[in-house]
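Chemist: This is the structure, below, for whatever I ask next.
The values are calculated or read from the model by the stated rules, or taken from the named source; none is laboratory data. What you see is a predicted model, and the numbers here were worked out from it, not measured in a lab. Cβ coordinates were reconstructed from backbone atoms using ideal geometry, including for glycine residues, and neighbour counts include every protein chain displayed. Each accessible area value is taken on the protein alone, full model and side chains, heavy atoms only, with ligands, DNA and RNA left out. Shrake-Rupley method; radii C 1.70, N 1.55, O 1.52, S 1.80 Å.
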Amino acid sequence: MTHRFSPRLTVGLAAVALLLTGCSTGDNANEIVPTADSAAESTTESAATAPASPSAASTSEVSPSTEASPTAAAGAEGTPVTLSAGMDHRITESGSSHTVQCDGGGDVDVRADDVTLTVRGECEEIEIDGSGNTVTAENTREIDVQGNNNSVTATDVRDLSLEGTANTATLTSVEEIDVEGPDNTVTYETGTPEIDDEGSNSTITGP
């Protein structure tokens, strides 16, 4: 016995098959595919929520610096400067005050005007090139005054040299006095120093 499918049955089966196929492809067609705009928004959100990495500005913060140690050249306005043999302290700021401690040597050079200088200990040499300076010293091997109108008070001096004009030196003891400039005044309390006075109108007074 032969079975024949009717055209209606064939069309119905085809419709069912097409319907099933449509449902399957429809699901895939409805999937959400990220677009360029949504990807950019996602990237922006990630950047906003992610912890910020250290920037160049944060890594270049200046840490507190260590203050420079005092040097022999930076002893103005009451800051003591300590010198030893072979060291030199030069003063170039007019109207300033200085205190120098000579520890068995050292030279002090005043190249300014109206300076107030106190020198303690035993120095090799004090040289005064400026004018109107006031210098008080203890034991000094040599004091050389080349400027004018300076006042020097010292305890024990081996060699005093006055090359400028109208300088005054008051000493406890001195071994040698050399006066070349005019109108200088030297007073010493003890000793019999060698005196070389080539200046004019100078006064040298001893015990």
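Chemist: Tell me the residue from Asp159, Asp183, Asp103 that is under 23 Å from Thr79 (Cα atoms) and of a type outside the set (Val, Ile, Thr), please.
Modeler: The conditions single out Asp103.
Chemist: Next question. From Arg141, Arg120, grab the single residue that is in a strand (DSSP E or B), more than 33 Å from the chain's Cα centre (by Cα) and basic (Lys, Arg).
Modeler: After applying the criteria, what remains is Arg141.
Chemist: Shifting gears a bit: Within the group Gly130, Gly199, Gly191, which residue is open to solvent by less than 50 Å² (accessible area, probe 1.4 Å) and in contact with a Pro (Cβ under 7 Å, 6 or more places away or on another chain)?
Modeler: It is Gly199.
Chemist: Separate question: When you scan the range 154-167, do you find a residue that is under 35 Å from the mean Cα position of the chain (by Cα) and either among the hydrophobic types (A, V, I, L, M, F, W, C) or open to solvent by 20 Å² or more (accessible area, probe 1.4 Å) (or both), even just one?
Modeler: Within the range 154-167, one or more residues are under 35 Å from the mean Cα position of the chain (by Cα) and either among the hydrophobic types (A, V, I, L, M, F, W, C) or open to solvent by 20 Å² or more (accessible area, probe 1.4 Å) (or both).
Chemist: Further, regarding this structure: Is there any pair linking a residue in the range 78-102 that is part of a strand (DSSP E or B) to one that is hydroxyl-bearing (Ser, Thr, Tyr), with Cβ under 6 Å and at least six apart or on different chains, and which?
Modeler: Filtered contacts from the range 78-102: Ser97/Thr116; Thr99/Thr118; Gln101/Thr82.
Chemist: Does Ser94 satisfy the criteria of being crowded, with 17+ Cβ neighbours inside 10 Å and either in contact with a Leu (Cβ under 9 Å, 6 or more places away or on another chain) or not aromatic (Phe, Trp, Tyr) (or both)? Spell out how you get there, then give the answer.
Modeler: On the way: crowded, with 17+ Cβ neighbours inside 10 Å: no; either in contact with a Leu (Cβ under 9 Å, 6 or more places away or on another chain) or not aromatic (Phe, Trp, Tyr) (or both): yes.
The answer is no for Ser94.
Chemist: Another question, then. Would you be able to tell me the number of residues in the range 144-183 that are assigned to a loop (DSSP other than H, G, I, E, B), of a type outside the set (Asp, Glu) and farther than 19 Å from Ala112 by Cα? If you could, list the steps in order and put the result at the bottom.
Modeler: First, the residues of the range 144-183 that are assigned to a loop (DSSP other than H, G, I, E, B): 146-150, 163-167, 180-183.
Narrowing the set further to residues that are of a type outside the set (Asp, Glu) leaves 146-150, 164-167, 181-182.
Still in the running and farther than 19 Å from Ala112 by Cα: 181-182.
Adding up the residues that qualify gives 2.
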